[in-house]
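One structure below.
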Amino acid sequence: MMPAAPPAAPFRASYVDYFADASSHDPFQGEYAAAMAPYDVPLQNNPTTLAPEQIRTLVIGARAQRVPTAFLLMHEGLLHIYLQADKFHSRLGLPATPWDDLIFAQKGDLHRNQAVMIEWKSDYFHQLNQQLLVPSAATIDTVFAAQPEADLLGHYVPGEAGTELIKVRRTCFVPPRYVPLFLAGPIKPREAWERVRGQIVTDGHAVACHALIKFLQAALTRAAVGDAPALSLVEAPVAPLADTLLLDHRQRILDEDFPQLNHQLVGLQQNQIAASLGELVRDNRAARESERADRARDKDKDPQEMLGDVGLQKIIRWSHVETSADLQPIWKDLAKAKKSQQLAILQWAVDKVKDELGEKELQFIVSPAHLEMVKNLRFTMLTPNHVATGLQPFQFPEEALDGSINAQAMYEALYAGTSAPPMADLSIVMQAKPGAPKALYQARHQVRRVYIMLVVMLGEEHRLSRAYERFYHRFLSAEADLHRHQQGLPSGQSQLLFPTKILKRTAIDLSY
């Protein structure tokens, strides 16, 4: 008797994943100037400067239009992020509640699918009473470079070099793209400057996000010698003693943002799936039987001709199938193709999986070395330190586009003729070019390329493919925490090697 399958892991909602899905949850698509304009306060108010009540109305309307919101407040010396602000509307014909017409927001990310709710005061939309003398962006960068331990700057006096006057509100809107950078927990203003402002400049959004940069300048600047910044709240936002009405109000927001948390909707979907499951199983079984019959008739598609008897038995065993007819299509396609066509066929298979995963923007150019690794089943590293061998992330760095395409063209040209290609030329093209990541996102891309190759060779339902996909999503969810940990390491080799150490661990796990 087969052992019972373990129960499915409960769904864990995270706003890191929510905001990382820019195609679904960033309605601005990188055009943030209009959204940030109400928070970019001029030194002298003019008719275009919005009053706090006007901003409050905009925020309430955002939720009605399903526009995600996130705001910063400073208290206890740290920057805290608050999400999905929404008004509790009075109910027509029903008794009044203590929550009517108040705004509530969620503090930080969810914990075990539960939100920490606070009352969002309209006072947070007000401007500070005074103009602030703050260091310029160039001054901040210079001081931080010279003083690694500095957290706050100032106090400054009028006329001091490298300073400027600004006005800010108590809060500032955070564009969706930069929300995940704050969700690992409350962060120091310096960390926000280096990570968030740095990313804004890298993205070319410094002008559009000028209000957020000014807010960070204010958060870094002491109001007086030894004092906290003027931006800092005296009292932190308060969590209400919520009753069922208020809890249900926040739960409806969570259910909208994460339909997987809505048990009624999930149950309905499961019933619909169950109703058609039998028909789908029959159709799939018939399709598989038809494919098996077709493959049996096409003797020329048998991968035995390419892999040999021993190689064929290996890939059958590794694929957890009974016969060569059940292998993934790539093995038959490569076996029947001319050598000059095999690299293109493997590239087409990779591109097909990329499209199915929605990863069209991920660069993945198959090299001749990748093809030879596949054809010769060289999936294990020769030694734990031999990263130029085996199916593992170091084999799939992001390469220069021109060089990779030229290598493909040279391979096809070498095998296009009737005679064997010169060994000197062939050795150059076939040489593996492993690479180590310099940043966490590069490491994530290399992990994703390995998963795509596993799907091509073994199928997405293979337990190794599924395990590696789970690892990729855990990596993605933890990337903000990993980045924060990396920044806490001593500068130099320790920081630079951190992404490499992560890949080294998974490379060894794949091979051994």
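The values are calculated or read from the model by the stated rules, or taken from the named source; none is laboratory data. As the structure is a computational prediction, the values presented were derived from the model and not from experiment. Cβ atoms come from the backbone with ideal geometry, glycine included; neighbour counts cover every protein chain shown. Ligands, DNA and RNA are excluded from the accessible area calculation, which covers all protein heavy atoms including side chains. Shrake-Rupley method; radii C 1.70, N 1.55, O 1.52, S 1.80 Å.
Things to note:
- Annotation for the range 137-146: no member residue is in contact (Cβ under 8 Å) with a residue 24 or more places away in the chain, open to solvent by 10 Å² or more (accessible area, probe 1.4 Å) and part of a loop (DSSP other than H, G, I, E, B).
- Residues of the range 101-129 that turn out to be charged (D, E, K, R), exposed (fewer than 13 other Cβ atoms within 10 Å of the Cβ) and assigned to a loop (DSSP other than H, G, I, E, B), as a count: 2
- Considering the range 461-499, the residues that are touching a residue at least 12 places away in the same chain (Cβ under 8 Å) and either outside any helix (DSSP H, G or I) or among the basic types (Lys, Arg) (or both) include one that is nearest to residue 331 (Cα to Cα), namely 462.
- Hits in the range 134-169 (condition: under 24 Å from residue 30 (Cα atoms) and either touching a Pro at 6+ places or on another chain (Cβ under 7 Å) or not hydrophobic (A, V, I, L, M, F, W, C) (or both)): 169
- When the range 319-367 is limited to residues that are of a type in the set (Lys, Arg) and within 22 Å of residue 399 (Cβ to Cβ), the one that is most open to solvent (accessible area, probe 1.4 Å) turns out to be 360.
- Matching residues in the range 154-172 - criterion: being out of contact with any His (no Cβ under 7 Å at 6 or more places or on another chain) and either farther than 30 Å from residue 51 by Cα or not hydrophobic (A, V, I, L, M, F, W, C) (or both): 154, 155, 156, 158, 159, 160, 161, 162, 163, 164, 167, 171
- Scanning the range 51-70 for residues that are part of a loop (DSSP other than H, G, I, E, B), in contact with a helix residue (DSSP H, G or I) (Cβ under 9 Å, 6 or more places away or on another chain) and over 15 Å from residue 170 (Cβ atoms) gives 66, 67, 68, 69.
- Test: residue in the range 440-455 that is within 22 Å of residue 326 (Cα to Cα) and touching a Lys or Arg at 6+ places or on another chain (Cβ under 8 Å): yes
- Helices (runs of 4 or more DSSP H) within the range 193-262 that include 3 or more residues open to solvent by 20 Å² or more (accessible area, probe 1.4 Å), touching a strand residue (DSSP E or B) at 6+ places or on another chain (Cβ under 8 Å) and of a type in the set (A, V, I, L, M): none
- Per-region count, the range 449-492, residues of a type in the set (D, E, K, R), open to solvent by less than 50 Å² (accessible area, probe 1.4 Å) and within 24 Å of residue 316 (Cα to Cα): 1
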